[in-house]
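Colleague: First the structure, which I've put down as structure tokens, then a few questions once you've had a look.
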Amino acid sequence: MSEFIIKNGHVFDPVQGIKGDKKDIAVKDGKIIDKVGSGAKVIDAKDKTVMAGALEVHAHVAGPKVNAGRWYRPEDKHFDSHKKPGITRIEGGKSIPTVFKTGYEYARLGFTFAMEAAMPPLYARHVHEEIHDTPIIDEAALPVFGNNWFILEYLKNHEVENTAAYIAWILRQTKGYGVKCVNPGGTEAWAWGLNCLTIHDPVPYFEITPAEIIKGLIEANEYLGLPHSMHLHQNDLGNPGNYKTTIDSLRLAEGIKATNNFGREQVLHSTHLQFHSYKGTNWGDFESGAKEVMDYVNKQKNLTIDTGNVTLDETTTMTADGPFEHHLHGLNHLKWFNVDVELETAAGIVPFIYDPNNAVFASQWAVGLEIALYAKDPMRCFITTDHPNAGPFTRYPRVYSWLMSKKCRDERLHSFKKADKVISATNLATLDREITLYELAQMTRAGPAKCLGLSKDYGGLAAGMNADIAIYNINPDKFPSDGPEIEKAFANVAYLFKDGKICVEGGKVVDMGHKQTFWVDAKVNENKQVMHDIREKFLRYYSVNENNYPVPESYAPHQHIIGVDATKA
Amino acid sequence: MPKEVTDVICPFCGTLCDDLIVTVSDDNKTILGVKNACAIGAEKFNHQRQPGRVKRPRMRQADGSYKEITYDEAIDWTANMLVKSRKTLMYGWASTSCQAMSIGHEIAEKVGGIVDNCATVCHGSSLIAIEDVGVPSCTLGEIKNRADRVVFWGCNPAHAHPRHMSRYSIFPRGFFTVKGHKGRKIYCVDCRYTDTAKCADEFIQVQQGFDYELLNAFRTAARGEALPDTVGGVPKEKIYEIVEDLKTARFGIIFFGMGLTHTMGRNHNIDIAINLTRDMNDHTKFAIMAMRGHWNVTGSGQVLGWQYGFPYAVDLSRRDQARHQTGETTSVDLLNRSEVEACFYIATDPGAHFPVDAMISSSRKPTVTIDPHINCTTEISDIHIPVALVGVEVGGCAYRMDNVPIETRKVVDPPEGVLTDEELLTRINHRVDELMAKGGQ
């Protein structure tokens, strides 16, 4: 493999504490090394910003609901859907891009890893078929557990060991990465048209509460010592007044310590927090609860969060929170898609237009930015758009511009039709903080890598780490003050290295790289009870046979298996 | 010693049963018996050893007879046809694996093909309706475990999906449905008294062509509004009675088929059936599902979905953009307007299902058909390339009617020297590359 030396760039690397100093980065055999020979190809990064490849901690980019969103929204292909220069295939879709476009766009933005945030185990093969077809970026997927019958039955009796054994089994069957929990209990209730809106609402029939599910899953996750923590989408998403349920949910992690060999410190990752930080009692007196929620998050060192920034676009909402999508459809009356998945979960989809002229949507935009700006530790707060729920990931450059320039976000804030209402319902106008390039590298590189348990190889530029490198046309000494300029610089990397190969050059895709699928193989002691329960449920309740459930090896030809040994837990 | 292969997936219909047991001869060459399958499914496996199976490509001669040619010759001819044609209809895909489709799409993108699957003459109208209004649905196991009201509307699973009723919809006992059939109320709405109607607790005979009106009346009744004395031949008292009963369901489901998609109203029938389902969700939990026909037609829609964003009729002839417009990029319309320059058929038999005029148009064009068997389409093709039976002689991913993906299994070896779809398409793809590199186009 060829050698490279990236010269004279302004390097931002939280792993080594480098804050924009000029430093050369040497690359050989897919890794960053201390020195290369004189034959190495020189990449001139003068007046440019050099960071590690970014990591997406939470996005819906592959799987049954993403694809339903694609094909049931032909109108989404009216925007920006054509082949671009380079060795690319046809690209299609704006809010739910096709797999090809997903891979290319992430790469053009400087990303090298993406986590698919919700994989229904029964549909795992579909998720992996799409991951397989997504070029360049490495990916992994989180199976959903919060409404799974096995989990509900084990945790009703607080059987953490059995829960862990079942999780380990599912990770192996589905080639999954960790534990996702969406609207715990609420989605099972949705199978009867009901919901759980607080963490103490009982789940119909199963006689368990969301609080017990959340706590039990955190404990099982730590019992196994998985690289990532429990990844939670709380109950009561998107409703005024929900910040209390959010803080109640986060409190469940108090006193629990992270147990793992991956350098991860949190025990709970709370996702798209923007949707969970609302005060008020209805959409009329709706207010931001970002301060209250972030005050709590800032104090609790064992939590990480991501923002879920609203980008004010037409987009497609999709979540395993089935009852929420039904509720949303009741609000905007656009086409509603729902799938209930036997024994496991559900999903809903509704197109959504975040109209900036609407005070509520504009306030949601402000809440998302507040979350990031209130974060005291950028290593625990990551920028997402909960793609495509709050907006497409392709809008990250715009989100960065709002976070990095007060001028830029104030211009947007004051140009809202109902600016006065937005300003009084939120605190954004009072916030002066501007996220620095170093903080951005923490929030999009080192932070998410550590949170996902990947900090050994990802998120930094130290010798020995993966040569995943993004070089932007940004001179930190002359950082643009203008929003569109910031946006343009982040939207198209000058270079993207993936595993030491140049995959994007001047915004143009030039190589498909060597994409890998990550999954976690957790070894547990033989558990006869759990194996018996699995047999029984497949014989009696599933509509597929147990032997047809696992995802075959061929679906992840370049798999990267992270082994975990929980036999001595 | 013959051996048994268990958990075999049936490559016949969208029910995609995965509990077949197939007995195979010691040398892995012959299927000796099939257990658990319906009559049609068993036949699919038995076909494998039928005498007279075509094992090498055939090319039609001037006198109408067929001459055996080599795979290399067939591949070269096909690749040349694809490269020369400015617009090729690449139709079928419903009886092959998703992996094979993926390679086909790559070829189509290079040569400017139009990729369409049999939804175009089947559940295409359902897909149009879903593009308009969405769809609340569920997996088949949800029905088994929860449904206590089941409506079959314009579909006849007793004949078309023979094990559907026993595996998922009428008879099985599930977690919350311990009484099985006794705990469910089954309705069948059809213009004829079908064998499915015989299994129903109540048969509602709708006047032919009045499905939309009757569905509309159901919605009206659900809102407590007034109805005329009869709608579509059904007395209003009956309509009110049924709607009240559906509202008291714990979990209800509507299954629909060609009786809705291909009668007067077409996509509008599905549209209003979905809207009825949506309305019922204001009272209880309700879902609706299309009874997809070919075992992997759903898979074709999925792969096209993630690669191009449309479920069928995907026009790649511009090469830099995918387009999808019913009536414009759909196979029958393209053929009727004689808008394509060549036809490439794979894993489906348009000759048996397309309107005659469309096939007359097709027969005048260079045509290649890839199919394990002789069928109506192979007989009007210039070249017939036989392949291994997917789901019998080679595995691959398939999607059930509820979009659940299942990896089909190989149970026996294909006849010696016969290529699989994936192998064949890969070789055509390479040949296309070579020809295009030489400046074919």
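Colleague: Pick from B:M401, B:M264, B:M81 the residue whose mean-square fluctuation is largest in a GNM of chain B, springs joining Cα atoms under 10 Å.
Modeller: Greatest mean-square fluctuation among the candidates belongs to B:M264.
Colleague: As I understand it, the dipole of the protein assembly as shown uses +1 on the Cβ of Lys and Arg and -1 on the Cβ of Asp and Glu, about the Cα centre. Which of B:F12, A:C196, A:L461 lies farthest toward its positive end?
Modeller: A:L461
Colleague: Treating only the Cβ atoms of Lys and Arg (+1) and Asp and Glu (-1) as charged, compute the dipole magnitude of the protein assembly as shown about its Cα centre; round to the nearest 20 debye.
Modeller: Dipole size: approximately 700 debye.
Colleague: Of A:K31/A:K456; B:K3/B:K410; A:K215/A:K257; A:K498/B:K110; A:K48/A:K478, which ones are farther than 18 Å apart at the Cα?
Modeller: A:K498/B:K110
Colleague: For A:I90, what charge total do you get from the other residues with a beta carbon under 15 Å from its beta carbon, if Lys and Arg give +1 and Asp and Glu give -1?
Modeller: +2
Colleague: Distance between Cα centroids, the stretch B:23-58 to the stretch B:359-421: provide it in whole Å.
Modeller: Each part reduced to its Cα centre gives a spacing of 15 Å.
Colleague: So what are the three principal axis dimensions of the stretch A:147-190 from its Cα atoms, in whole Å, longest to shortest?
Modeller: Reported extents, whole Å, longest axis first: 27, 21, 12.
Colleague: Just name one of B:V151, A:F206, A:P323: the one whose Cα is farthest towards the positive end of the charge dipole of the protein assembly as shown (beta-carbon charges, Lys/Arg +1, Asp/Glu -1).
Modeller: A:P323
Colleague: In µm²/s, what is D for the stretch B:124-290 at 25 °C and 0.890 mPa s, where D = kT/(6 pi eta Rh) by Stokes-Einstein and Rh is the Kirkwood radius from Cα pairs?
Modeller: My calculation gives 157 µm²/s for D.
Colleague: Over the Cα atoms of the stretch B:345-441, what radius of gyration and what Dmax do you get, in Å?
Modeller: Answer for the stretch B:345-441, Rg first and Dmax second: 15.8, 45 Å.
Colleague: Could you check which residue among B:V234, B:V412, B:V394 shows the biggest mean-square fluctuation in a GNM of chain B with a 10 Å Cα cutoff?
Modeller: Maximum among the listed residues: B:V234.
Colleague: When DSSP assigns beta bridges and you keep just the ones with both residues in the protein assembly as shown, what percent turn out antiparallel, to the nearest 5?
Modeller: 45
Colleague: Using just the alpha carbons, could you tell me how many Å³ per residue the convex hull of the stretch B:3-47 encloses?
Modeller: It is 58 Å³ per residue.
Colleague: Could you give the distance between the Cα centres of the stretch B:243-276 and the stretch A:162-221, to the whole Å?
Modeller: First find each Cα centre; the distance between them is then 33 Å.
Colleague: Which residues' amide hydrogens lie under 5 Å from the amide hydrogen of B:V189, considering only partners 5 or more residues apart or on another chain, with H built in the peptide plane?
Modeller: Close amide H contacts, sequence-distant or interchain: B:F152, B:W153, B:G154, B:I204.
Colleague: Restricting to Cα atoms and excluding each atom paired with itself, what does the Kirkwood estimate give for the stretch B:1-81 in Å?
Modeller: 15.3
Colleague: Within 10 Å, count the other beta carbons around each residue, average over each peptide in B:164-176, B:54-66, and list them highest first.
Modeller: The most tightly packed comes first, giving B:164-176, B:54-66.
Colleague: About the Cα centre, and with charges only on the beta carbon of Lys, Arg (+1) and Asp, Glu (-1), how big is the dipole of chain B? Nearest 20 debye, please.
Modeller: Dipole size: approximately 620 debye.
Colleague: How many partner chain Cβ atoms sit within 10 Å of a residue's Cβ in peptide A:121-134, on average, as a whole number?
Modeller: Mean partner-chain Cβ count within 10 Å for A:121-134: 4.
Colleague: Pick from B:S300, B:S126, B:S137: which residue has the top mean-square fluctuation in a GNM of chain B where Cα pairs under 10 Å get a spring?
Modeller: B:S137
Colleague: Can you tell me which of A:288-297, B:352-361 comes out highest on packing, and rank the rest after it, using the mean Cβ neighbours within 10 Å?
Modeller: Listed from highest to lowest mean packing, they are A:288-297, B:352-361.
Colleague: State, to one decimal in nm, how far the label point of B:K67 lies from the label point of A:M531, with both points 7 Å from Cα in the Cβ direction.
Modeller: Each label point lies 7 Å from its Cα, and together they span 6.2 nm.
Colleague: Return the percentage of antiparallel bridges among DSSP beta bridges fully within the stretch B:140-276, rounded to the nearest 5 %.
Modeller: 10
Colleague: Another one. Hey, can you rank A:76-86, A:437-447 by average C-beta count inside 10 Å, highest first?
Modeller: A:437-447, A:76-86
Colleague: Determine the equivalent ellipsoid of the stretch A:262-376 by diagonalising the alpha-carbon gyration tensor, then write out the semi-axes as square roots of 5 times the eigenvalues, largest first, rounded to whole Å.
Modeller: Calculated on Cα positions only, the semi-axes equal 26, 21, 12 Å.
Colleague: Also, quick follow-up: Using only alpha carbon positions, build the gyration tensor of chain A, then give the equivalent ellipsoid semi-axes as the square roots of 5 times its eigenvalues, largest first, whole angstrom.
Modeller: Values for chain A, descending: 34, 29, 22 Å.
Colleague: I've got another one for you. Restrict the search to the stretch B:210-290; then list the GluC sites (Glu not before Pro) that DSSP places in a loop and that have at most 11 other Cβ atoms within 10 Å of their Cβ.
Modeller: B:E225
Colleague: Return the Cα extents of the protein assembly as shown along principal axes one, two and three, sorted largest first, each rounded to a whole Å.
Modeller: 78, 71, 61
Colleague: Average partner chain C-beta neighbours within 10 Å, per residue of A:66-79?
Modeller: Per residue, the number of nearby Cβ atoms from other chains is 6 on average.
Colleague: In peptide B:97-107, how many Cβ atoms from other protein chains are near each Cβ within 10 Å, on average?
Modeller: That works out to 1 on average.
Colleague: Could you size up the charge dipole of the stretch B:338-394 around its Cα centre, putting +1 on the beta carbon of Lys and Arg and -1 on that of Asp and Glu, and report it in debye to the nearest 20?
Modeller: Magnitude of the dipole: close to 40 debye.
Colleague: Continuing with this model, one more query. Based on the Cα coordinates of chain B, what is the per residue volume of their convex hull in Å³?
Modeller: That works out to 140 Å³ per residue.
Colleague: Go through A:A164, A:P74, A:V341 and say which Cα lies farthest out towards the positive end of the charge dipole of the stretch A:52-451; charges sit on Cβ, +1 for Lys and Arg, -1 for Asp and Glu.
Modeller: A:P74
No value in this document is a laboratory result; all are computed from the given coordinates. Since we're looking at a predicted model, the values are computed, not measured. Methodologically, a virtual Cβ is constructed for each residue, glycine included, from the backbone with ideal geometry; neighbour enumeration extends over all protein chains shown.
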